[in-house]
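K.L.:
One structure, pasted below without further comment.
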Amino acid sequence: MNENLICQCCGMPLNEEELFSREADGSVNKDYCKWCYADGKFAYESKESLLDFLVANMPDPEGRPDDERRAMYDGWLSQLKHWKQA
Ligand SMILES: [Zn+2]
């Protein structure tokens, strides 16, 4: 079992080996999920593009407005290593 790893780009729990991203040479990178980082490249060029994706695709059982959800995701992403210095 893996320790409590999460993707440092989108915050998804990385609790299965197959969710880890891989470098272009095929080696495992445990900092990111396979959707955020593949073959040495990031899927999201900016936090804004990831926020667009999350607001459009993440279900919200409480039905909050998009701008409120965007601010919530922004606060959450800002704690992850990939976005901290941005
Ligand atoms: Zn990710």
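Each reported figure results from applying straightforward, stated rules to the coordinates on display, with no laboratory input. This one's a predicted model, so the numbers in the text were calculated from it and none came from an experiment. Note that each Cβ is placed from the backbone with ideal geometry, even for glycine, and that neighbours are counted across all protein chains shown.
K.L.:
Name the single residue that is nearest to the ligand (Cβ to nearest atom) among those in the range 1-60 being free of Cβ contacts under 8 Å to residues at least 24 places away in the same chain and assigned to a strand (DSSP E or B).
P.N.:
SER21
K.L.:
Follow-up. For the range 23-32, what are the residues that are out of contact with any strand residue (DSSP E or B) (no Cβ under 6 Å at 6 or more places or on another chain) and surrounded by 15 or more Cβ atoms within 10 Å (Cβ to Cβ)?
P.N.:
ASP31 - this is the single residue of the range 23-32 that is out of contact with any strand residue (DSSP E or B) (no Cβ under 6 Å at 6 or more places or on another chain) and surrounded by 15 or more Cβ atoms within 10 Å (Cβ to Cβ).
K.L.:
Sticking with this structure for a sec: Go through ASP52, ASP60 for me and flag whichever is surrounded by 12 or more Cβ atoms within 10 Å (Cβ to Cβ) and more than 15 Å from the chain's Cα centre (by Cα).
P.N.:
Unique residue meeting the criteria: ASP60.
K.L.:
In the range 61-86, what residues are in contact with a helix residue (DSSP H, G or I) (Cβ under 8 Å, 6 or more places away or on another chain), outside any loop (DSSP other than H, G, I, E, B) and free of Cβ contacts under 8 Å to residues at least 60 places away in the same chain?
P.N.:
Result: ASP66, ARG69, ARG70, TYR73, ASP74.
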